[in-house]
């Protein structure tokens, strides 16, 4: 399948004579060196990526990493210095003013960090704005705006003014304003970062729900790893205007490309706060070393839909038996689990923080959680760890930099 | 002491030359302007003088009440205007009001577009702002001088100098109001594909309105003060009364006219402030 958007070697340098900055970057100078040498600010440097139709791509990074600049380059709110942005094969950077306006009106819906609602317009007239600009007749306009308002669950608030709404509601209006245009691409610039954690989670859920129906192509900027994990089909991590890693949530968490990513991943409070105990799942059935032979173990596995089963003996975890070993043992006519039990298994205590679990899980899955008496308390599989982190279990305010106010002024 | 090592640079001469050139060769322009303004003044003055003072006083009181919904202010308007009538200053008050009204209208007609231009265009901003600095620091009396060759003695010359004197705040605050619109909002308007004009009329001007109203308020106040000074070149009205009082050394009459000016100023100021505040809240 062809990609929806392809970004090729995109540069943005702030300052006079930005081309010089591009040249220096190509010669291998770093962002700081260029600033010192020429006074030019590197916004984004040699960024290439693609976005597929219908996916949520999260672009993540700390403030100053160029992520907000990048998203503004896509609809040319910020003019890129060099490079190409292909939308279904058309190079956006080569469009003239009028074509660009058409593109913004029809294809891109944008949602802003601080909502950017027009304070002098009522909710419904805010949502209508994009249609008004397109000169859609007023009755049609109202109809589509009302539909968008319903989609975000704010029916009945159409005549209120933005300052009468809470932050979460304001951002719903912001979302509706973008949806009313029925664009195929949504640019969401830290859309939920200004909301408090509970509301933020609601909005994330809401977005996921909406996305199931709409199948838009969404580019979501965030500095919050939890948010990226929860929303992103793919994640791009940026630092100093460059992409440092690109991939699924799991690949970034388990194989950080470099120290920066590793630190990013590790710095997330949640992985320190969340412990093995809060993530583990009920182990369900276990086999008994004393009573179960290969046949019983296999039956238990089949009933529970497992490919391996933990074996306990007198309340202590002894090891694990895999299905293929058990069926081999059964064919060999063995009566007990003695020969097939694997006792060399990873055990963790319930207090183990989540970030220590990543390397263990990378080696072997599942992990057994045992108490001080070696009693099996629960199991952790890779998926449940990621899911728990994405849910933001038992934490709040786990931002990397809650004070990030978005793009650096330039 | 004269500077002897260098010939005098003819700054004043140069300006005088330009003024002469203008009054000689552009007299058709100045005359057209003169006729237009004069008939405007006549219209307003005659229109207002057509009614007996008490009708107008009640009308002004009603307008003040309607705009401000403040009993105190309405009462002040009523008593203030009655006092002016009582002091036998009704007719000069009306002509002062007419002068202020026309000057403000002209100042706004020129000032608002210039303010918008300087807010949207960096080059215009860099050109207009220093000119405004000069206009505002130049002593007000100086503007009276070119008014005479252009328009002769009388109300039109007074209006000309009043417009120049009172326009800067209208330009400045219009510019400021538009520039104060948060960049995120401007960005949002751009992101939805607005044209430059759509952005101006749907976002920037509505959001700048309270600031623009403050500018207009200042323009009115400056116009009022200049109209009084312009009595020196033959503008009639309350300023003319003060000017006469100075020449004849009549403190009683001077202060009466002065008090009338204060009353008019206060009424205008309060009304404009109310309008500005109403615009603050979306309606």
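Readers should treat all values here as calculations from the given coordinates under stated rules, not as data from a laboratory. All values reported here derive from a predicted model rather than from experimental measurement. In this analysis, Cβ positions are derived from the backbone assuming ideal geometry, glycine residues included, and neighbour counts consider all displayed protein chains.
Of all the options A:329, A:354, A:148, the one that moves most in a Gaussian network model of chain A with Cα springs shorter than 10 angstrom is A:329. GNM remark for chain B: springs join alpha carbons under 10 Å apart, and the peak mean-square fluctuation among B:208, B:265, B:189 falls on B:189. Determine, at each q value in 0.10, 0.17 (inverse angstroms), the log₁₀ of I(q)/I(0) that the Debye formula gives when each Cα of region A:276-391 is one equal point scatterer. Listed by q, the Debye log ratios stand at -0.29, -0.79.
Mean sequence separation of contacting Cα pairs (under 8 Å, at least six apart), scaled by the length of chain A, corresponds to a relative contact order of 17 percent. Principal axis extents of the Cα atoms in chain B, from largest to smallest and rounded to whole angstrom, are 67, 63, 39. Each of A:73, B:26 was scored by other Cβ atoms within 10 Å of its Cβ. Arranged with the fewest first, they read B:26, A:73. Roughly how tilted is helix A:382-391, in degrees to the nearest 10 and between 0 and 90, from the longest Cα axis of chain A? With both axes taken from Cα atoms, the answer is about 40 degrees. Taking the helices alone, the protein assembly as shown has a mean residue ellipticity at 222 nm of -18000 deg cm²/dmol, built from -39,500 (n - 2.57) per DSSP H run of at least 4 residues and averaged over all its residues. Per the Debye formula with a single identical scatterer at each Cα and no solvent contribution, what log10 I(q)/I(0) holds for region A:136-277 at q = 0.12, 0.16, 0.20 Å⁻¹? At q = 0.12, 0.16, 0.20 Å⁻¹ the computed log10 ratios are -0.59, -0.92, -1.24.
Each DSSP beta bridge with both residues in chain A is either parallel or antiparallel, and the antiparallel ones are about 60%.
Would you mind calculating the relative contact order of region B:26-280 from Cα pairs under 8 angstrom and at least 6 residues apart, reporting the percent as a whole number? After rounding, I find 24 percent.
Cα-based radius of gyration for region B:197-245, normalised by 2.2 N^0.38 Å, reads 1.80. Ordering A:386, A:367 by the number of other Cβ atoms within 10 Å of each residue's own Cβ, fewest first, gives A:386, A:367. Taking chain B as a Gaussian network of alpha-carbon nodes connected by springs under 10 Å, the highest mean-square fluctuation of the residues B:256, B:187, B:38 belongs to B:187. Determine the distance separating the Cα centre of region B:128-185 from the Cα centre of region B:66-88; give it in Å without decimals. First find each Cα centre; the distance between them is then 30 Å. Compared with the dominant principal axis of the Cα atoms in chain A, helix A:167-179 is inclined by about 70°. For region A:82-218, the ratio of Cα radius of gyration to the globular rule of thumb 2.2 N^0.38 Å stands at 1.06. Across region A:276-391, the relative contact order, built from alpha-carbon pairs under 8 Å that are at least six residues apart, equals 31 percent. Residues A:129, B:123, A:289, arranged from fewest to most other Cβ atoms within 10 angstrom of their Cβ, appear as B:123, A:289, A:129.
Gyration tensor analysis over the Cα atoms of the protein assembly as shown returns equivalent ellipsoid semi-axes of 76, 29, 21 Å (largest first, whole Å). Evaluated at q = 0.06, 0.07, 0.13 Å⁻¹, a Debye calculation over the C-alpha positions of chain A (equal weights, vacuum) places log10 I(q)/I(0) at -0.34, -0.44, -1.07. Spatially, region B:212-244 and region A:1-57 are offset by 59 Å when compared through their Cα centroids.
Among beta bridges identified by DSSP and lying wholly in the protein assembly as shown, the antiparallel ones come to about 60 percent.
The angle between the Cα long axis of helix A:123-133 and the longest principal axis of the Cα atoms of chain A comes to about 60 degrees, rounded to the nearest 10. The Cα-based radius of gyration of region B:1-156, divided by its Kirkwood radius, gives an Rg/Rh of 1.10.
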